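Worksheet: the structure to be examined is printed underneath.
The values are calculated or read from the model by the stated rules, or taken from the named source; none is laboratory data. Given the structure is predicted, the values throughout are model-derived calculations rather than measurements. Every residue, glycine among them, receives a Cβ derived from its backbone with ideal geometry; neighbour counts consider all protein chains shown.
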Amino acid sequence: MNHWTPNVVHQGEERSPVLILDGFAPDPAVFVADAAAREFAPIGPYYPGVRATVPAPLIADLLAALEPLASETFGTGALSVVEAYYSIVTTAPSALAPIQRLPHIDGVGEDRLALLHYLSPNERGGTAFFRQRSTGYESVDRSRYPSYASALQLDVREHGLPDAAYIDGDTPLFACIARHQGRFNRAILYRSNTLHCADLPADLSLSPDPRIGRLTVNTFLSAA
């Protein structure tokens, strides 16, 4: 199963690793076909689009092959799935909620990893990572979260909320420290507590059809 040539990038001042794997799935069309057969719906207030659950058997072998690379890169142990979703961006920039206009983290635990698998043949965006200007934080663990949240409130009070648009590089509140290009059947693995967001082109298709829109698999992992 492991046919990858891994590329590890250490980014920012914190030198947080991002593992990049091209040709991630042996047959990515299986994921696209499975997604096309599922019912999508909004899940939670944070993701700017619709989602559907990924069947565990579809990703089990990939995660088993990924585990030793994750261990080597992040110093983690066994991987287990917390959540896994097909995700399609469908929200127009003008309709974004304030929380969707800011970089985010997926969790504060040091034992959590996020795996993003790009499945759009027309992928022209990617994923960007950020540093909070006022604190210098590029990642937010449990000990940092109170000061991160407090600083964010003060920053918004001073600078105002971002305009209704997807983030594109530096902002008054956050400095962009890395941009990783998406590519069909590429996957990236990173710590869930690193500040990040989707890096999307202005003319992105917002189609909810998995065969047309920006389809990804977002898998959130516990890495004991």
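Summed over the stretch 121-142, residues that are part of a loop (DSSP other than H, G, I, E, B), touching a Leu at 6+ places or on another chain (Cβ under 8 Å) and at pLDDT 95 or above total 5. The strands (runs of 3 or more DSSP E) falling completely within the stretch 148-224 that include 1 or more residues that are surrounded by fewer than 16 Cβ atoms within 10 Å (Cβ to Cβ) map to 174-181.
Identify all residues within the stretch 5-18 that are touching a helix residue (DSSP H, G or I) at 6+ places or on another chain (Cβ under 9 Å) and either among the acidic types (D, E) or farther than 14 Å from H196 by Cβ (or both); write none if there are none. Selection gives P6, V8.
Taking residues in the stretch 43-70 that are under 16 Å from F24 (Cα atoms) and without any contact (Cβ under 8 Å) to a residue 40 or more places away in the chain, and partners anywhere that are outside any helix (DSSP H, G or I) and of a type outside the set (V, I, T), the pairs with Cβ atoms closer than 7 Å and at least 6 places apart or on different chains are E67/A78; E67/L79. Consider V140 carefully, then state whether it is closer than 18 Å to V89 by Cβ, in contact (Cβ under 8 Å) with a residue 40 or more places away in the chain and β-branched (V, I, T). Criteria not met by V140. Put simply, of P201, P172 the only residue that is over 22 Å from R112 (Cα atoms), touching a Gly at 6+ places or on another chain (Cβ under 9 Å) and modelled with pLDDT under 95 is P201. The residues in the stretch 187-203 that are hydrophobic (A, V, I, L, M, F, W, C) and over 19 Å from Y46 (Cα atoms) can be counted, and the count is 4.
Could you please let me know if V9 is at pLDDT 95 or above, out of contact with any Pro (no Cβ under 8 Å at 6 or more places or on another chain) and part of a strand (DSSP E or B)? So V9 does not fit the description; no.
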